[in-house]
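J.: First the structure, then my questions, so here it is.
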Amino acid sequence: MRNLGPILTVVAVIVGLWYIACVPMNVQEVLTNAERAGEVVQPEGASTRRDMSRIGLAFSNSDLLGESWSTDRARLPSPHQVVAELWSSTWDEEVNGRRGIVNSGTLSNRSLIYHGWITLGATVVGFLIGSGLGILLAVGIVHSRTMDMSVMPWAIVSQTIPIVALAPMIIVVLYSIGVEGLLPKAVISAYLSFFPVVVGMVKGLRSPDAMQLDLLQTYNASRSQTFWMLRLPSSVPYLFASLKIGIAASLVGAIVGELPVQRGGLGARMLGGSYYGQTEQIWAALFFAAAIAAVLVWFIGWVERRTMKLMGAEA
Amino acid sequence: MTDHIISAKSLDLTFTTNDGPVHALRDVNLDIDKGEFVSFIGPSGCGKTTFLRCIAGLEQPTGGALTVNGMTPDEARRARAYGYVFQAAGLYPWRTIAGNIRLPLEIMGFSRAEQSERVQKTLDLVELSGFEKKFPWQLSGGMQQRASIARALAFDADILLMDEPFGALDEIVRDRLNEELLKLWNRTNKTIGFVTHSIPEAVYLSTKIVVMSPRPGRITDIIDSTLPRERPLEIRDSKEFIEIAHRVRDGLRAGHVDD
């Protein structure tokens, strides 16, 4: 791995900044705890300190900041606290926990693996619906002027509505007609992921130049031959670029869809963490979601590389 | 009229643009017989490519009559009467060389066995045997253009239309491809329409040279070549060759005086 050095450098810088940021972020709670433990804090009294500059407080009490990286329910938990939470809510919970898969035979509902699995299911189903729909719409848009004029503006408008506002309505409407569980979340996922696929695919299907189209005309090729032999293969690189954006958007959609339902999933886990001030839990769920996104995008990239190789791309 | 493979009678083509009409072709009269090698030469905008595209049914003339194999160009296109070679090879990067040559055969519905047979035959014809499994990026520009000629020959149309096929290649490659094209023409006895910018290329290849000039696009001279059918590259140093080239140059100059 030739590029490991630069990546590690960036990670080290981010982690370093994070540790530094923990000091002013957590200074109020740290000083309150220190004062309770009998230390002399400048100035005295939590209420006097409330509106003071956090950075100023950190400087005037620089010998009392040892707890900045280990407070419970910190405003900003430190990286190692998040890592510990990640460990305890994945491996530790499943292997050693009473409800874990080792001791109970099923995934623990306190583990990120359980919640991530729920989110992943909705993400994948939503992505398949969304990208399938996106491809179909793009084919229609490229082949029919009417669809180009009528569908495209609505596709664009659909993306201007904040999904956080729309998600609960989708859930409620679908619930009222008896659809619940994975499908409503998948619908929200699909809603977010179809758009990049439509845009990329339209561009890709239109990418053959005039000469390529003229050539097929000299063969008197039909429209469907032009589609299968020229337009579709030409669109493949565009499609994969869109799919990578689409699958990441799908994951966001699934998480947003889990917020109002609260029946498991990383979204539910994040919201739960914020209800109870468990910031470590929120951060751990965030990182877990990011890892899932990275794996999904990597997977699409892998399929892309395989496909492009089959299509004769320069190695 | 139907005796000629391609026949144009007072052909006009006017494009309507925002800046007013553009006379791409005006009063073009030309007959091409079977087995002729006809070059169209002239400066940019003289309508030589437009005329070739009219023959191919890719542009619609606005006046006059044009027949290809006794049919309208559009009927001829539907009957797959010609192969067309563009300036860029335009091979599909996702198909192998053999796959690219097979493209028109697949579209035209040849049987699998016949496809393979024809691909092999045309690959031999353009001397690309052994490269069928390569992808276009693995070939040089000259070889790619040869593959695109093979693609145009694969379905064995009687007419081959070539729009500056060697324009993007360097002089050395171009000379060799010119020589090969002549050999190919000798072997297959196709009728070839060839658009070019190069006087030596036109004189070397053609049995008939059509000199054109712009604004409006029209024919200023038609020269029947007196060169023999067998043409080694050295023929370009012969007195005859130089005389024909001179006449082409005069024709091009005359076209410009009219401006």
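J.: Using the alpha carbons of chain B, what is the convex hull volume per residue in cubic angstrom, as a whole number? Present the calculation step by step, with values, prior to reporting the outcome.
T.: On the way: hull volume 34.6 nm³, N = 259.
So the per-residue hull volume is 134 Å³.
J.: Here is a further query. Which helices of chain A meet both criteria: a Cα extent of 15 Å or more along the helical axis and a mean Kyte-Doolittle score no lower than 0.0, with helices taken as whole DSSP H segments?
T.: A:4-36, A:112-143, A:145-158, A:163-176, A:182-205, A:232-258, A:279-310
J.: When chain B is modelled as a GNM with alpha-carbon springs shorter than 10 Å, which of B:154, B:76, B:202 fluctuates the most?
T.: Result: B:76 has the largest fluctuation of those listed.
J.: Could you state how much accessible area residue B:12 has, in square angstrom rounded to the nearest 10, with a 1.4 Å probe and all protein chains kept in place?
T.: 50
J.: Taking loop as defined by DSSP and a crowding limit of 13 other beta carbons within 10 Å, which GluC sites (Glu not before Pro) in segment A:251-315 fit?
T.: On the way: sites: A:258, A:280, A:304, A:314; in loops: A:314.
Answer in residue order: A:314.
J.: Additional query: Can you pull the accessible area of residue A:195 for me, 1.4 Å probe, Å² to the nearest 10?
T.: Approximately 50 Å² for this residue.
J.: Within segment B:64-212, how many Lys pairs sit with Cα atoms under 21 Å apart, leaving out pairs fewer than 8 places apart on the same chain? Can you show the working numbers first?
T.: Numbers: B:121/B:133; B:121/B:134; B:121/B:183; B:121/B:190; B:183/B:208; B:190/B:208.
Qualifying lysine pairs in segment B:64-212: 6.
J.: Residues of segment B:34-192: accessible area per residue at 1.4 Å, in Å²? Before the final figure, lay out the partial values.
T.: On the way: 5900 Å² over 159 residues.
Accessible area per residue: 37 Å².
J.: Could you compute the longest span of chain B free of trypsin sites (Lys or Arg not before Pro) located in DSSP loops and having at most 11 other Cβ atoms within 10 Å, not counting the site residues? Before the final figure, lay out each step's value.
T.: Numbers: sites that count: B:133, B:229.
The reported range is B:1-132.
J.: Take residue B:226, project a point 7 Å from its Cα along the Cβ direction, then tell me which residues of segment B:24-38 have their backbone nitrogen under 17 Å from it.
T.: none
J.: Further question on the same structure: If you average the C-alpha positions of segment B:1-63 and of segment A:4-66 separately, how far apart do those two centres end up, in angstrom?
T.: Value for the Cα centre distance between the two parts: 82 Å.
J.: Here is a follow-up. So how many Å³ per residue does the convex hull of the Cα atoms of segment B:93-156 work out to? Walk me through the numbers on the way to the answer.
T.: On the way: hull volume 4.5 nm³, N = 64.
Spread over its residues, the Cα hull of segment B:93-156 gives 71 Å³ apiece.
J.: Another question, then. Springs between alpha-carbon pairs under 10 angstrom, Gaussian network model over chain A: which of A:241, A:21, A:167 fluctuates most?
T.: Checking each option, the largest mean-square fluctuation is seen for A:21.
J.: So what is the diffusion coefficient of segment B:140-236 in µm² per second by Stokes-Einstein at 10 °C and 1.306 mPa s, using a Kirkwood Rh over Cα pairs? Before the final figure, lay out the partial values.
T.: Working: Rh = 14.3 Å.
Rounded to a whole number, D works out at 111 µm²/s.
J.: Quick one: check the C-alpha center-to-center distance for segment A:143-174 versus segment B:121-146, whole angstrom.
T.: The distance from the Cα centre of segment A:143-174 to that of segment B:121-146 comes to 48 Å.
J.: Using modelled backbone amide H atoms (1.01 Å from N, in-plane), which distant-in-sequence or interchain residues come within less than 5 Å of residue B:40's amide H?
T.: B:194, B:195, B:196, B:210
J.: Could you tell me the accessible area of residue B:4 in Å² (1.4 Å probe, neighbours in place), rounded to the nearest ten?
T.: Surface open to solvent at residue B:4 totals about 50 Å².
J.: Could you list, bin by bin from short to long, the percent of Cα-Cα pairs of the protein assembly as shown in 20 Å steps?
T.: Spelled out bin by bin, the protein assembly as shown gives 16, 33, 23, 18, 9, 1 percent.
J.: Helix by helix, which DSSP H runs in chain B go 24 Å or more along their axis at the Cα atoms and have an average Kyte-Doolittle hydropathy of -0.5 or more? Don't skip to the answer; put the middle values down first.
T.: On the way: long enough: B:171-188 (25 Å, -0.89); B:239-257 (27 Å, -0.39).
Span-like helices in chain B: B:239-257.
J.: Still on this structure, please answer the following. With springs only between Cα atoms under 10 Å, which of A:152, A:169, A:229 fluctuates most in a Gaussian network model of chain A?
T.: Comparing A:152, A:169, A:229 in the GNM, the peak value goes to A:229.
J.: For the charge dipole of the protein assembly as shown, defined by +1 on Lys and Arg C-beta atoms and -1 on Asp and Glu C-beta atoms about the Cα centroid, which residue among A:141, B:203, A:177 has the Cα displaced farthest towards the positive pole?
T.: It is A:177.
J.: From largest accessible area down, sort A:154, A:18, A:283, B:185; use a 1.4 Å probe on the protein chains. Mind dumping the intermediate values first?
T.: Details: A:154 180, A:18 35, A:283 75, B:185 0 Å².
The residues order as A:154, A:283, A:18, B:185, largest area first.
J.: Now for a different question. Considering all alpha-carbon pairs of segment A:112-310, what whole percent are spaced by more than 25 angstrom?
T.: Details: 8633 of 19701 pairs.
That tail contains 44 percent of the Cα-Cα pairs.
The values are calculated or read from the model by the stated rules, or taken from the named source; none is laboratory data. Computed from a prediction, not measured in an experiment: that's the story for all the values here. Heads up, the Cβs are rebuilt from the backbone with ideal geometry, glycines too, and the neighbour counts pull from every protein chain shown. The accessibility values were calculated without ligands, DNA or RNA, using every heavy atom of the protein model including side chains. Shrake-Rupley method; radii C 1.70, N 1.55, O 1.52, S 1.80 Å.
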